[in-house]
Amino acid sequence: MIACDFAHVELMAALHARCFAEYWDAPSLGKLMASPGTFGFLARDSDGDDPVGLVICRLAADECEILTIGVVEHARRAGVGARLLDAAQARARKSGAQQMFLEVGATNTAARRLYDGRGYRQVGRRRNYYRTPERQAEDALVLRLELAQV
Ligand SMILES: CC(C)(COP(=O)(O)OP(=O)(O)OC[C@H]1O[C@@H](n2cnc3c(N)ncnc32)[C@H](O)[C@@H]1OP(=O)(O)O)[C@@H](O)C(=O)NCCC(=O)NCCS
């Protein structure tokens, strides 16, 4: 696991574009990484070679929000997403966070199973939150994990 800094912004952008249809470019990620409380990790594959996943989070007071998490397609279902979550949670806890929050698309079965298995529970729903010309509006579920319970 590699802690992200500005030197990784181009790499993070390339990974994000491989994980998401609506991806964040390098300038946006640079601004994000410069904002207070933001941190992230890159995960390597099991051979320890190429980075295959990333997570970016923001700490505010005693809460930590997962802003994005993704694993490139060929490296999925090998525990990378779970390792990224664990790293984010450990870092958040070390910085004094008590709770993790995130938003996930209601139809995103893979991500919902990952979060459910790590103890995240639904605390809200934002109707038609994800709206783009390319896809149908989708609800976002707001999930929370109490860090004291893991
Ligand atoms: C969601 C995502 C990050 C999961 O990454 P991953 O590395 O494949 O996840 P892991 O291998 O650590 O999986 C951990 C658990 O999550 C669940 N899971 C992951 N992918 C799944 C799938 N396609 N179908 C069902 N369950 C799945 C399983 O319970 C899995 O445990 P198991 O393999 O022992 O059964 C990845 O699918 C991804 O990048 N998706 C596209 C981007 C995205 O949707 N990000 C989340 C936005 S909120």
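If you filter the range 130-146 down to residues that are touching a strand residue (DSSP E or B) at 6+ places or on another chain (Cβ under 6 Å) and modelled with pLDDT under 90, you find that the one that is nearest to ARG83 (Cα to Cα) is TYR130. Quickly run through the range 83-93 and pick out the residues that are buried (at least 19 other Cβ atoms within 10 Å of the Cβ) and either in contact (Cβ under 8 Å) with a residue 40 or more places away in the chain or over 11 Å from the mean Cα position of the chain (by Cα) (or both). Matches in the range 83-93: LEU84, ALA87, ALA88, GLN89, ARG91, ALA92.
Of the set (1) surrounded by 16 or more Cβ atoms within 10 Å (Cβ to Cβ); (2) basic (Lys, Arg); (3) without any contact (Cβ under 8 Å) to a residue 24 or more places away in the chain, all apply to ARG112 but (3). Screening the range 1-97 for helices (runs of 4 or more DSSP H) wholly inside it with 3 or more residues that are within 24 Å of ARG118 (Cα to Cα) returns the ranges 9-19, 80-94. Scanning the range 34-82 for residues that are closer than 19 Å to ARG18 by Cβ, within 13 Å of the ligand (Cβ to nearest atom) and within 9 Å of the chain's Cα centre (by Cα) gives LEU54, VAL55, ILE56, ILE66, LEU67, THR68, ILE69, GLY70, GLY81. Scanning the range 33-67 for residues being modelled with pLDDT of 95 or more and either crowded, with 19+ Cβ neighbours inside 10 Å or among the acidic types (Asp, Glu) (or both) gives a total of 16. The single condition among (1) on the phi > 0 side of the Ramachandran plot; (2) within 12 Å of the ligand (Cβ to nearest atom); (3) in contact (Cβ under 8 Å) with a residue 24 or more places away in the chain that GLY96 does not meet is (2).
The values are calculated or read from the model by the stated rules, or taken from the named source; none is laboratory data. Because the structure is a prediction, the values reported are computed rather than measured. Cβ atoms come from the backbone with ideal geometry, glycine included; neighbour counts cover every protein chain shown.
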